[in-house]
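Take a look at the structure set out below.
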Amino acid sequence: MKWIFELYRSPIAKKAVMALTGVILFGFVLSHMAGNLKVFQGPEKINAYAEGLRELGKPILGHGELLWILRVGLLAAVGLHMLSAWQLTKLNRKARPISYAKRTPQAATYASRTMRYGGVIILFFIVYHLLHLTVGNVHVDFKHGDVYHNLVTAFQNPLIAGFYILAVTSLGFHLYHGLWSLFQSLGWSGPRFNAFRRQFAIAFAAIVTVGFVSVPLAILSGFIGH
Amino acid sequence: MPLNAKIPSGPIEQKWDRHRFDLKLVNPANKRKFDIIMVGTGLAGGSAAATLAELGYNVKAFCFQDSPRRAHSIAAQGGINAAKNYQNDGDSIYRLFYDTVKGGDYRSREANVHRLAQVSVNIIDQCAAQGVPFAREYGGTLDNRSFGGAQVSRTFYARGQTGQQLLLGAYQALERQIGAGKVTMYPRTEMLDVVLIDGRARGIVTRDLITGEVSSHAADAVVLATGGYSNVFFLSTNAKNCNVTAIWRAHRRGAHFANPCFTQIHPTCIPVSGDYQSKLTLMSESLRNDGRIWVPKTKGDERPANQIPEAERDYYLERKYPSFGNLVPRDVASRNAKEVCDEGQGVGPSGLGVYLDFAEAIGRLGKEAISERYGNLFEMYEKITGEDPYEVPMRIYPALHYTMGGLWVDYNLMTSVEGLYAIGEANFSDHGANRLGASALMQGLADGYFVLPYTIGDYLSKHMDEKVTTDHPAFAATEAEVRDRTEKLLAIDGSRTVDSFHRELGKLMWDHCGMNRNDAGLRLALEKISALEEEFWRDVKVVGSSDTVNQSLEKAGRVADFFELAKLMCYDALERTESCGGHFREESQTPEGEALRNDEDFSYVSAWGYNPDGAPQLTKEDLEFEYVKLTQRSYK
Amino acid sequence: MKLTLNVWRQAGPDAEGRMQRYEAPDVSPEMSFLEMLDVVNQRLEENGEEPIVFDHDCREGICGACSLMIDGVAHGPQAATTACQLHMRHFKDGDEITIEPWRAAAFPVLKDLMVDRSAFDRIIQSGGYISINTGSAPDANEVLVPKVDADQAFEAAACIGCGACVAQCPNGAAQLFTSAKVSHLGLVPQGQPERDQRVVSMVAQMEAEAFGSCTNHRECEAVCPKEISIDFIARMNRDYLKARIMSRAK
């Protein structure tokens, strides 16, 4: 296994790690977003879905066990994603010790230039989000097992909804660059394939963002309520 | 002192093979005992350094650029000739040999040229194996094109960047040897003198262009691969830093300089736009395949080209040379352009330009076809001039491009100084009075990959265990001379910049020793150059110091040598009262105004020896033509 | 035209540098950018001041020597153009132009606008070649190269090694340069025997120099005077990961 650690020393491998962990995290946000949409089907469906997540892996695994395994996996992915990002950022800062008096970006997008900041915003958001809607200790009226209630009471507060929308939008930007970038980092390119990479990134960044944003918007506008 | 060209005996086809057999070899285990200095790392120097290192010699390579990859060979566009006959169109080694001797207007050595044609085929093999991305057919074989008026398709090419790709091949081979520790590379280092001990070249003195440090390097042999001297004209297609210093310093130490007046002018360059102009840009002469050259019939016609009706245009090449038309050789096209401009028919702001018009070709073939053939050239033209050649005719004018002259070398590429070699454009050997298109790359690589590595061994094998080190007093003495000269240039502290002198020198040379030369003009030039040189040493202003990067100081040293070279070129042009190839003496022309050779009196190489006290001394190496029949060129 | 220049002046590798203002009062739109600097330098020299040092040579966009950051863009505002081929007609009368050297830890400044790019040579030394000694080549047509591969290899091989990619990259990364050579040689059959080892060695050398890493901003591609595509970076990443995971190359 030594070779893996040796390989990891290379920035190209670190980028590959970012890409692979990015794929895992993307898979997570996509399914999370899809699950969220159950809120439109009413309290029973979404609460049952939430409960169903704990049942995953049965009968081989016990109640909630697979979910915990997945959570640990996700946490590891987040950790590696962050570690690589942090190490690469350090390297990249060192590579240009004196900055330009004037620099005019030519191709870099807003999304690509804000990956680091977006990443940090998302990190803080995740912590808050877990405390808010998973653990519930920063929630005004948290009811264990009643996802629908927790969502609706939370997002009726425009400040909280606004913050969610903001965070999810920055996730969208992060995905817009990341979903394209991962193909580059993993060396997945080709003359026909390249147009698809960009479309894929736009489409899924948009789907994830719109999907996530739709819930607080629906609650805020009263489309969904008690 | 007579010069011995050491041409092997025997039938021409066998000379090189026999000679290779006769050359003494250095035992593989002994090769690492020899140090070879390579000055210049373009196609010739880079390929030679790499090959010598592969053989086992220790090589020290020097270039003034920051990397060997930037040598001016990189700018060659068209291609490289080789007698592969892949196109099955009747090419052969003998035909390439014949064409090259004829193209050189019968002023080159048959034996050298035949060897060049022989090894041309090996060059292509070597370069393809290095991964040079030559143009290919769909079946995967190499593509060829016909170039520079050749009647067979023998030119290999990589789009319009053949020089770049070949140089990168040689550069990569060189870097491989640097990585292997067999070549020590000294970039940003300029050679300022050769060190002779007992009449043999035993090292060089260099200046580090970053720190200004002057240092010595000893070796068993010294090879100069420092290119041509077109920049004596200030404006040329050569890179800005190309210079004559290395070979001129060698000349001053006793190496004969051969045929200095044989310079080549390229007809399709972008005209000068103003006094600030720093260099001229060449556009591939393939443009003449589809472009029609013309000027307005009326002198001083200031209408835009597109408003001049057909009847008022003079397609002078088509008119004067009905069978070759716009495809006449470089020198003929150049001279005619100058003539019409001298008569006041020139176009553009300076009046020094002629139109190269694609309107007819675009009409016939469509814009797309033209764009496919010349798209990159059109873009380059537009970048420089701001004019769109699809809409308005290009303007072109001849410019200095290549120098056939250079250090005299024998068949082994050794100069008249023992142990001092010259390869590539730096020597005079293969192109006679005129170089054919796509032959410069061929010669550079032939010398570097396949000739010098053999011939240098013969010399070295005779000088085993004769090491010198830089402790020898000759090094200290030469270093002192170099330092003195540098300090002298800095101390003048006059009022004129180096460039202003260089520009003036260039203008003198262009006017009197350029496309057309005559007795009175050359004599006048000699006087004026001497006066300007005297003023230079009295009034040049070189700012800064010698212990740091000082580009003015670098230029000053080079321009000082250009003055001396310029005079030699004029002497040579004055002495050769015939016209041949790129050398056109107005006194020697046919009734139709074409170049008239005088084989009776001038079938020789003019090898000039340096004379510190006055006029240079001429030694003639007679040329014998056993195989090629001498004929007068005609393109009517 | 009358221009104002803000130029980085630095006396030597270890000296402190600073921006210095110069007036360029009589600039013709037909001049190239370097000719404009020549004129400024000519005046400086006449006044006994040291001219601005910058690398340049062929002045026709192929040698790769010129290396100026012009108004925050490597080689200036015109796409697919080196500074030497950039002409002043792309500027307006009264413009203020900022001129800086390439900035990267791997490209230390030597003087003024001149930097040391020898890191690129060392990357090539580490494996940017095909190991074939002179004389041992087979007949050139014995190895067939599909035209599409030859064409693509050419596009990668068109790199002039100027370093604009590194200069423009927010991370000072040399991925475009390195990948161009890896791809050129990896695309032709002659380059296959060393393909795995080459990419591993060249990437290792690239990483040993003080270059940053690629974060896919595409800035390099945008300023590359030869328009070399970042597809080659993807290709290098693929070759590298494959070689490190699947082959014995080390």
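Taken together, the values in this text are just the output of simple stated rules run on the coordinates, not laboratory data. Because the structure is predicted, anything quoted here is derived from the model rather than measured. When we count neighbours, we look across all protein chains shown, and the Cβ atoms used for this are built from the backbone with ideal geometry, even at glycine.
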Task: Residue order, fewest to most beta carbons within 10 Å, for A:Ile224, A:Ile126 - done: A:Ile126, A:Ile224
Task: Unit charges on C-beta of K, R, D, E only; dipole of the protein assembly as shown, Debye - done: 4120 debye
Open item on the list: If you restrict to DSSP beta bridges whose two residues both lie in chain B, what percentage is antiparallel, to the nearest 5?
Closed with: 70 percent
Task: Average other protein chain Cβ within 10 Å of Cβ, residues B:61-72 - done: 5
Open item on the list: Give the aspartates and glutamates whose C-alpha is closer than 16 Å to that of A:Lys14, dropping any in the same chain fewer than 8 places away, or say none.
Closed with: A:Glu6, C:Glu207, C:Asp239
Task: FRET efficiency estimate (nearest 0.05) - Cβ-Cβ, B:Lys620 to B:Ile7, R0 22 angstrom - done: 0.90
TODO: Just tell me which lysines come within less than 29 Å, Cα to Cα, of B:Lys629; anything on the same chain fewer than 8 places away is out.
DONE: B:Lys6, B:Lys15, B:Lys84, B:Lys102, B:Lys320, B:Lys620
TODO: Just rank A:Leu30, B:Leu52, fewest to most, by other beta-carbon atoms within 10 angstrom.
DONE: A:Leu30, B:Leu52
- [ ] Would you mind getting me the FRET efficiency between C:Val143 and B:Tyr390? Use the beta-carbon distance for r and R0 = 35 Å, nearest 0.05.
- [x] 0.35
Open item on the list: I'd like the mean, over residues of B:175-183, of how many other protein chain beta carbons sit within 10 Å of each residue's own Cβ.
Closed with: 4
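When the dipole is taken about the Cα centre of segment B:265-401, and only Lys, Arg (+1) and Asp, Glu (-1) are charged at their Cβ, what size is it in debye, to the nearest 20?
The dipole magnitude comes to about 340 debye.
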Open item on the list: When a/c reaches 1.5 or more, the comparison of a/b and b/c decides; with that in mind, is segment A:1-110 rounded, prolate or oblate per its Cα gyration tensor?
Closed with: oblate
Task: Burial ranking of peptide ranges B:468-477, B:12-21, B:101-110 (average Cβ count within 10 Å, highest at the top) - done: B:101-110, B:12-21, B:468-477
Task: For segment C:117-246: relative contact order, % (alpha-carbon pairs under 8 angstrom, 6 or more apart) - done: 34 percent
Task: Of C:Gln197, C:Ile245, C:Ala65, farthest towards positive along the dipole that unit charges on Lys, Arg, Asp, Glu beta carbons give chain C - done: C:Ile245
TODO: Mind jotting down the distance between the C-alpha centroids of segment A:178-226 and segment C:218-238, whole Å?
DONE: 25 Å
TODO: Return the Cα extents of segment B:473-601 along principal axes one, two and three, sorted largest first, each rounded to a whole Å.
DONE: 58, 37, 23
Open item on the list: Whole angstrom only: what separates the Cα centroid of segment A:139-164 from the Cα centroid of segment B:232-303?
Closed with: 79 Å
Open item on the list: Students often check this: by mean Cβ neighbours within 10 Å, which of C:177-183, A:73-79, C:197-203, A:210-216 ranks highest, and how do the rest follow?
Closed with: C:177-183, C:197-203, A:210-216, A:73-79
Task: Sorted largest first, extent of segment C:3-111 alpha carbons per principal axis (Å) - done: 37, 33, 23
Task: Residue-span extension gain [A:Ala107 to A:His129] - 0.36 nm each, minus C-alpha spacing - done: 4.5 nm
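Compute, for chain B, the length of the dipole vector about the Cα centre, with Cβ point charges of +1 (Lys, Arg) and -1 (Asp, Glu) only. Units Debye, rounded to 20.
Charge dipole, chain B, about its Cα centre: 1040 debye, nearest 20.
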TODO: Can you figure out the FRET efficiency of A:Leu83 with B:Ser350, using R₀ = 56 Å and their beta-carbon distance, to the nearest 0.05?
DONE: 0.30
Task: Highest-MSF residue in chain C out of C:Cys58, C:Cys214, C:Cys66 [GNM, Cα springs under 10 Å] - done: C:Cys58
Task: Whole-angstrom Cα spans of the protein assembly as shown along principal axes, big to small - done: 113, 73, 63
Task: Loop GluC sites (Glu not before Pro), segment C:27-129 (other Cβ atoms within 10 Å of the site Cβ: 16 or fewer; DSSP) - done: C:Glu49
Open item on the list: Checking the a/c ratio against 1.5 first, then a/b against b/c, what shape does the Cα gyration tensor give for segment B:265-401?
Closed with: rounded
Open item on the list: Which residues among segment B:140-184 fall inside the zone where the amide N is under 18 Å from a point 7 Å beyond the Cα of B:Asp208, along Cα→Cβ?
Closed with: B:184
Task: Area projected by the alpha carbon convex hull of segment B:391-525, averaged over all directions, nm² - done: 14.7 nm²
Open item on the list: Please state the shape class of chain A: rounded when a/c is under 1.5, otherwise prolate if a/b exceeds b/c and oblate if not, all from the C-alpha gyration tensor.
Closed with: prolate
Open item on the list: Sort C:78-84, B:441-447 by packing, meaning the average of other beta carbons within 10 Å per residue, with the highest value first.
Closed with: B:441-447, C:78-84
Open item on the list: Using only DSSP helix segments of four residues or longer, with each worth -39500 (n - 2.57), what per-residue ellipticity at 222 nm results for chain B after dividing by its residue count and rounding to 500?
Closed with: -11500 deg cm²/dmol
Task: Relative contact order of segment A:2-220, defined on C-alpha pairs under 8 angstrom at six or more residues apart (%) - done: 28 percent
Open item on the list: Could you work out [θ]222 nm for chain C from helices alone, using -39500 (n - 2.57) per DSSP H run of at least four and dividing by all its residues? Round to the nearest 500 deg cm²/dmol.
Closed with: -10500 deg cm²/dmol
Task: Neighbouring partner chain Cβ atoms per residue of B:236-243, average, 10 Å criterion - done: 4
Open item on the list: With unit charges on the beta carbons (Lys and Arg positive, Asp and Glu negative) and the dipole taken about the Cα centre of segment B:575-636, which residue among B:Asn598, B:Leu618, B:Val628 sits farthest to the positive side?
Closed with: B:Val628
Task: For chain B: Kirkwood Rh in Å [reciprocal of mean 1/r, alpha carbons] - done: 25.0 Å
Open item on the list: Using the Cα centre of chain A as origin and beta-carbon charges of +1 (Lys, Arg) and -1 (Asp, Glu), tell me which of A:Pro158, A:Pro105, A:Met115 is placed farthest towards the positive end of the dipole.
Closed with: A:Pro105
Task: Gap separating the Cα centres of segment B:16-48 and segment B:514-541, nearest whole Å - done: 40 Å
Task: Listed pairs B:Lys60/C:Lys181; B:Lys240/C:Lys2; B:Lys60/B:Lys182; B:Lys507/B:Lys567; B:Lys240/B:Lys528; B:Lys33/B:Lys182 exceeding 18 Å between Cα atoms - done: B:Lys60/C:Lys181; B:Lys240/C:Lys2; B:Lys240/B:Lys528
TODO: Could you please rank B:His431, B:His502, A:His63, placing first whichever residue has the fewest other Cβ atoms within 10 Å of its Cβ?
DONE: A:His63, B:His502, B:His431
Task: Within straight-line cross-link reach of A:Lys45, lysines at Cα separation under 30 Å, skipping those fewer than 8 residues along the same chain - done: A:Lys58, A:Lys143
Task: segment C:3-111: relative contact order in percent, alpha carbon pairs under 8 Å with at least 6 residues between - done: 34 percent
